[in-house]
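Read through the structure below, which is laid out as structure tokens, and then see the notes.
Every number in this text was worked out from the coordinates using simple rules, so none of it is lab data. Computed from a predicted model, the values in this text were never measured in an experiment. Because the Cβ atoms are built from the backbone with ideal geometry, glycine has one as well, and the counts that use them run over all protein chains shown.
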Amino acid sequence: MIYTSSNSDINSILGTSPNEVETKGRKSDRVLLVSVIFLMMFGSLAVYSSIAYFAQGHGTSAGSLVTGHIFKLGIAFFVMLIVSKIDYANLAKFSRFAVLISWLLLIAVMVYGDMVFGAKRSLSIGGFSFQPSSFAAVALIIHLSVLISEKQDYIKDFKRSFLPIMIWVSITCLLIALEDFSSAALLMAISLFLMFVGRMSVLQISAIVFIGLIGGTALIMSTEQRQSRVVQYVNQITDINNTNFESAAGYQAQQAHIAVAQGQLFGVGVGKSTQRDFLPAPYNDFIFAIIAEEYGMMGSFAVILVYVLILFRGFAFIARNARDLLGTLLAVGATLMITLYGFVNAAVAVGLFPVTGLPMPFISYGGTSMLFAGIMIGLLMNISKNSRNSKEFYIG
Amino acid sequence: MKERTSIMARMFILMGLILLVPFAILVQIFRVNVIEGDGLRDLWNSQAIDYISIPAQRGQIYDVNGSLLATNSVVYKIAVDPLFPGITRDNLKTIATVLSRHTNRPTSYYTNRISNAPSHSRYIVLERSITVQAYEDIRELGIRGVILEEDYRRNYNFESLSAHVLGYVNHNIEGMTGLESRYNEKLKGNAGQQQVRRDRANRIFSYVGAPRKTPQQGLSLHTTLNSYIQAITEEELEKGVRNNNAKQGTAIVMDPRTGAIKAMANYPTFNPNFPASIDAENRRNFAVSDMMEPGSTFKLVTAIAAVEQGVVDFDEVFETPESGTMQIHGQWMRDHNPLGDLNFREVIAKSSNIGTSEIAMRLDPDAYYQYARNMGFGTQTNIDLPNEIGGRLQRPYEWSGVTLPWMSIGYEVQTTPIQMLQAYGAFANGGLMMKPYLVSHLTDQYGKIVEENKPSSVRRIAKKETIDRLLPVFKSVVTDSGTAGWAAVDGMEIAGKTGTAQKLVNGRYSSSYRASFAGFFPADDPKYVMLILLDEPKTSYYGGFTAGAVFKEIATRIAGLDSDVKRSDPTERIAAMEHKIAPRLTGLSKDNAGVLLSKQNTSFRTTGKGSHVVQQVPEPGEKITTNTLVTLELGDLNTNDIPEGFVEIPDLRTMNMRQAASLLRNKGLNINMVGSGTIYNQFPLAGELMRPGRTVTVRGKARSMTQISQVTHQLNR
């Protein structure tokens, strides 16, 4: 009704008048909440099983690391609940500054960051390790939603809408790409998806995709090492059993395959994974392979379906029923942030995508990403709480 | 409305596109699990699963009384990984120092071993077996990179005892010779397996519930060896080899009734705990893996064949030339001495080559060959020892004109000691040949009998009657008139045959010999058959003198050990003989003397004329037999010859002390005995007159044991 108001007032589209919709007493999306809790519990088990090797190497026990993990999950859950209480319209007001701060942090991390796996990705602040790229991604998605909904009237204009939006997106993605290419690429994709949903010109978006493809091909052709990685990637999809690897990534992909194959229908059993000893970072990048091994096809299908449920819930209920365009875009962005990370991680683990270092939201071990995944879910819950339609959309 | 519709449309298009990703993931999961699953799971098996073997304990070896001849003990092996992270030069030095304290090797020995190892070597064995104390000390150091492994070691408790029979194992505890090799598969058992997991650093770790196959422990051997007899045999063989300065010696003792080997020895021997400490040549078991021309011991074949075929008469006289040599088909055959005229018994007893070959040449070559073959020559005995050879027995069509006579005396044929023993065993067992064997049964770790080797007969080599007829012949070998007087044991009947074979060196008979003796006892109910073989004895090459003496020593000691083998008591022996002593007849009337002698069932003749006996032959007190003719010289007794109050001193020489004492006492004289045994000297001399009450001094000397035994055997004969 907001979009269809007769005067089609920009304010109504921007949704700056929350009082138009009655939201009192409404509850946030319970399906989402249950899904997240399910993922967190499943993730904790998988982390416990797979982190022993890492713990041994760092002079600590799997138990204490998992306790830390659960503690962080608790913080994420708490943050999620807080965010769900704050009206997203208020959040939107600070998005511009959040992006600017994220840029500063990304520059800071390049200078002061801790080296982890050959890349500087995290900052230590008061004993806590913090990844600015996660923060930057969240900030960008929120700010992008705000920009797109602000520029709805001239959304297909190149100069007034596409260019400024692309500047925000490009700078953030570039800064992230310097240290973490795959995260940047995924963020770029989410941004483009969001721009597509926000009615921006398909032609302009296509141009970006085209440029990206050209640039990517050029990048691949530039060195033999990259070429061999592509060959390896093709091999790993077409010839799963081949043991001649072009690169270390091929070995990892195969170990992940073996883990998945070990699982069969019901898995080898809780905590009985053997492939955790062969996979790098089994508690993070390859945690889905461990789940597939320990819980079999039943377990891995369940996890994928939970992410599909979140996707479905986020798009078909929360985004569709958001009280304004900002809510819709924020919901789409947040849903994509959660589900695409999950899907990409799973796709890497089953060998569909080339090996990247993306975490699986609420499942992987690691603090910062979980915190921002919590913020994303909190945002979704807040949007669902402030949706314009009646209870019938909500369960519980 | 248009904008919203557009947004919604785009949103759902996006959702549809994105849903392709999870769909693809689900398909891929299915593909990896189901379509490509088997290949990947095989990969998993090859990389993550490994099996370590759990060694099975090697079976023990027991003798017939249950003494442990071979067993196992745990030893510790120490190795180092000098590239292990965190291990330092000082660490290695400490290890070397601690180790050298326990092994008496210099520290530098170990440090050199480490520094001389190939580079990048991550497993350098420092010591294959260290003591528990050393093991504990090294472990206490707590240095990472030290590899301590438990290992089994084979222990031969009695060191060199029965070394050649038992054999030895290599450092992988695999049997190399002897029973260890023959029964290696049975002794070894089957190693168990433990499934372990490997991680990507190739570290092995076991886990709870891992499939495990328990090792099947090796079977234990229960041999027929008797370690007492074995020890005796080895000791006496060694003595024999040393006394005769021989190169080498072999002795085997077997029970002819079953074929059970009681002892088998070679000298020089070795300690199987340290097999490398002696030449490989001395680790060979000559008893089964050495063949040679046997010499006269082979005459058994000739004797059996000739008697059974009826080509020889026991009363027949064989004339051997005065020179002791005879030409047969242009080749000279020699006897060790010119032996003159011999009957069949003497041909064997005195081991006449000429006589034997004469007998053999009456036989059909095929028949002779068949007898030799039947007695096991030319084929393996199939004793349960490795590396047995079958000897060499030419077939008749391969023979030359002189093969038969020469084969009949043990040349042109090659036999192993065990074959010869088997043949004599068959002879001892009344003609039934038994297969020699060493292991009576095998038991598993719980003592349950898994496999049993029952005594098995090979075949009958001759009729019982033939054997019975031949037994006295072979008994007579072991007498003074035979060639094996040296093998005779006092009070026990032994049958056997000596052998002296000139060794064929590079195709020519050399001046070195092999002396042997094969025999069995007790001759009438044989319980032991034994073969003694001395290679190149330097003292005498006669088998009877060298090997026979060893046989005698072993037989004597076995008889002392085995209550079933009775040596007759000396007093019984005397009682058993028809033993009479010539009575004192001088001074008696002719009639009285006649009555006395006829009472004793002794015939006599008289010479001279008179009423009384004045002299007699044999002298009073001498031993006489039934067919001894006593000669009495008659004369008139002149009592005046001896003055009143005097007595004549009798001739006491050759009497024993007791006889002398009673004789003197009867005459009223006292006796002063110096020494004991047979009197050889007296004072005053015989014929002198003395008053009663005076003392006669006699000196006695014990006759040597050999003289006694000679006498005994002469009597036996």
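For the stretch B:86-172, applying the loop criterion from DSSP together with a ceiling of 15 other beta carbons within 10 Å to the trypsin sites (Lys or Arg not before Pro) yields B:Arg122, B:Arg144. Per-residue shielding of A:300-310, expressed as the average number of other chain Cβ atoms within 10 Å of the residue Cβ, stands at 3.
For each of B:Asp255, B:Asp562, count neighbouring Cβ atoms within 10 Å of the residue's Cβ, then give the residues from fewest to most.
B:Asp562, B:Asp255
Largest first, the extents of the alpha carbon coordinates of the protein assembly as shown on the three principal axes equal 192, 72, 54 Å.
In a DSSP loop and with at most 16 other Cβ atoms within 10 Å, the chymotrypsin sites (Phe, Trp or Tyr not before Pro) in the stretch B:88-173 are B:Tyr123. Taking amide H positions as modeled 1.01 Å from N, with prolines and chain starts lacking one, the residues under 5 Å from B:Asn72 and 5 or more places away or on another chain are B:Asn155. Shielding value for A:156-162 is 0, the average number of Cβ atoms from other chains within 10 Å of each residue's Cβ. For B:Gly192, the amide hydrogen comes within under 5 Å of the amide hydrogens of B:Ile54, B:Ala56, B:Gln216, counting only partners 5 or more places away or on other chains and with H modelled in the peptide plane. The distance from the alpha carbon centre of the stretch A:128-200 to that of the stretch B:275-335 is 112 Å, rounded to a whole number. Look at where the Cα atoms of the stretch B:361-412 and of the stretch B:56-100 average out, and the two centres are 51 Å apart.
Considering helices alone, the calculated mean residue ellipticity of chain B at 222 nm is -10000 deg cm²/dmol, with DSSP H runs of length four and up weighted by -39500 (n - 2.57) and normalised per residue.
Scanning residues 5 or more positions from B:Ser512 or on other chains, those with amide H under 5 Å from its amide H are B:Lys503, with H placed 1.01 Å from N in the peptide plane. Give the distance, in whole Å, between the Cα centre of the stretch A:68-82 and the Cα centre of the stretch A:266-327. A separation of 18 Å, based on Cα centres.
Which ordering of B:Met176, B:Met292, B:Met492, B:Met434 is given by a fewest-first count of other beta-carbon atoms within 10 Å? Present the calculation step by step, with values, prior to reporting the outcome.
On the way: B:Met176 15, B:Met292 21, B:Met492 18, B:Met434 24.
By the 10 Å Cβ count, ascending, the order reads B:Met176, B:Met492, B:Met292, B:Met434.
Taking square-rooted eigenvalues a ≥ b ≥ c of the alpha carbon gyration tensor, is the stretch B:1-95 rounded, prolate or oblate, where a/c under 1.5 means rounded and, failing that, a/b exceeding b/c means prolate? Numbers along the way, then the final one.
Details: a/c = 8.04, a/b = 2.62, b/c = 3.07.
Because a/c hits 1.5 or more and a/b fails to exceed b/c, the stretch B:1-95 counts as oblate.
Can you tell me which aspartates and glutamates have their Cα less than 16 Å from the Cα of A:Lys85? Leave out same-chain residues fewer than eight positions away. Of all the aspartates and glutamates, those that pass the test against A:Lys85 - Cα under 16 Å, at least 8 places apart if same chain - are A:Glu22, A:Asp29.
The mean number of Cβ atoms from other chains found within 10 Å of a Cβ in peptide A:343-355 is 4, as a whole number.
Given Cβ point charges of +1 (Lys, Arg) and -1 (Asp, Glu) and nothing else, what value in debye, to the nearest 20, does the dipole of chain B about its Cα centre take? Spell out each step's value before the answer.
Working: 79 positive and 73 negative charges, 473 e Å.
Charge dipole of chain B: 2280 debye, to the nearest 20.
With a 10 Å Cβ neighbour count serving as the proxy for reagent exposure, in which order, fewest first, do B:Glu235, B:Glu388 appear?
Sorted ascending by nearby Cβ count, the order is B:Glu235, B:Glu388.
Please give the net charge around B:Ile418, taking every other residue with its beta carbon less than 11 angstrom from that of B:Ile418, where Lys and Arg add +1 and Asp and Glu add -1. Taking every Cβ under 11 Å from that of B:Ile418, the sum is -1. For B:Lys701, the aspartates and glutamates whose Cα falls under 18 Å of its own Cα, not counting residues fewer than eight places away in the same chain, are B:Glu622, B:Asp651. Comparing A:Thr328, A:Ala373, A:Thr339 along the charge dipole axis of the stretch A:265-378, the residue lying farthest to the positive side is A:Thr328, per the Cβ-charge model. Treating the angle as unsigned and between 0 and 90°, give the value, to the nearest 10°, between the Cα long axis of helix A:325-349 and the longest Cα principal axis of chain A. Result, in degrees: 10.
Could you tell me whether chain B comes out rounded, prolate or oblate from its Cα gyration tensor? Rule is a ≥ b ≥ c as square roots of the eigenvalues, rounded for a/c under 1.5, then prolate if a/b exceeds b/c, otherwise oblate. In terms of gyration-tensor shape, prolate.
For chain B, list the DSSP H helices whose alpha carbon atoms reach 24 Å or more along the long axis and whose average Kyte-Doolittle value is -1.0 or above? If you can, show how the numbers build up before the last one.
Numbers: long enough: B:2-30 (42 Å, 1.52); B:543-561 (25 Å, 0.78).
Passing helices, by number: B:2-30, B:543-561.
Couplings 3J(HN,Hα) for the stretch B:263-270, derived from phi with the Karplus relation 6.51 cos²θ - 1.76 cosθ + 1.60 (θ = phi - 60°), are 7, 8, 9, 10, 9, x, 10, 8 Hz, where x marks Gly and Pro.
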